[in-house]
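Okay, so here's the structure we're looking at.
The values are calculated or read from the model by the stated rules, or taken from the named source; none is laboratory data. Values in this document were obtained by computation on a predicted structure and should not be read as measured data. Cβ: placed from backbone, ideal geometry, glycine included. Neighbour counts: every protein chain shown. The area values use the complete protein model at the heavy-atom level, side chains included, leaving out ligands, DNA and RNA. Shrake-Rupley method; radii C 1.70, N 1.55, O 1.52, S 1.80 Å.
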Amino acid sequence: QVQLVESGGGLVQAGDSLRLSCAASGNTFSINTMGWYRQAPGKQREFVAASRNAGSTNYADSVKGRFTISRDNAKNTVYLQMNSLKPEDTAVYYCYVVHNDRYVAWGQGTQVTVSS
């Protein structure tokens with residue numbers, strides 16, 4: 001099992017930056033991918049960014065050029081640096097990991113609110 005604890009959400013103004021963190025514990029040696037989804041009110045959860053063990057990353061088109069995902073493998077932590085935030089980025093952000101190539105674990109979510 002892998003457990004995830006997120007931090008870093010908050011209320012900011014449009015154009016500001018935030019950095020989210022997600023620390024994994026438990027069977028961290030089995031982690032293949034770490035990443036982020038988000039869910040806005042009344043909408044389905046959507047993919048934001050992912051980082052794979054081989055070093056590759058990918059992003060949703062809506063955040064490319066503004067968000068950066070990174071990992072500190074020594075700390076089993078994944079970060080999401082969010083720049084040039086927009087009101088439409090307002091959502092609950094969920095960290096996730098894929099471990100043992102097939103299991104998915106989720107964090108509890110952290111609220112990000114961007115005011116215009």
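Observations, loosely collected:
- Rounded to the nearest 20 debye, dipole of the chain from Cβ charges on Lys, Arg, Asp, Glu: 120
- Positive-end residue of 42, 80, 28, charge dipole of the chain with Cβ unit charges: 28
- Summing Lys and Arg as +1 and Asp and Glu as -1 over all other residues whose Cβ lies under 14 Å from the Cβ of residue 65 gives a net charge of +1.
- Amide H partners (placed H, <5 Å) of residue 48, local residues excluded: 36, 37, 38
- For residue 92, net neighbour charge (Lys/Arg +1, Asp/Glu -1) across residues whose Cβ lies under 15 Å away: -1
- Straight-distance candidates among the aspartates and glutamates for linking to residue 86, with alpha-carbon spacing under 20 Å and chain neighbours fewer than 8 residues away dropped: 16, 46, 61.
- Percent accessible area from carbon and sulfur atoms, the chain, protein chains only, probe 1.4 Å: 46
- Over all orientations, region 43-116 has a Cα convex hull whose mean projected area works out to 5.8 square nanometres.
- Radius of gyration and maximum dimension Dmax of region 6-70, Cα, Å: 13.2, 38
- A crude spin-label estimate for the pair residue 61 and residue 100, with each label 7 Å from Cα along the Cβ direction, gives 3.7 nm.
- 3J(HN,Hα) along region 71-84, derived from phi through the Karplus expression 6.51 cos²θ - 1.76 cosθ + 1.60 where θ = phi - 60°, amounts to 10, 10, 5, 5, 9, 6, 10, 10, 10, 10, 8, 10, 10, 6 Hz, with x in place of Gly and Pro.
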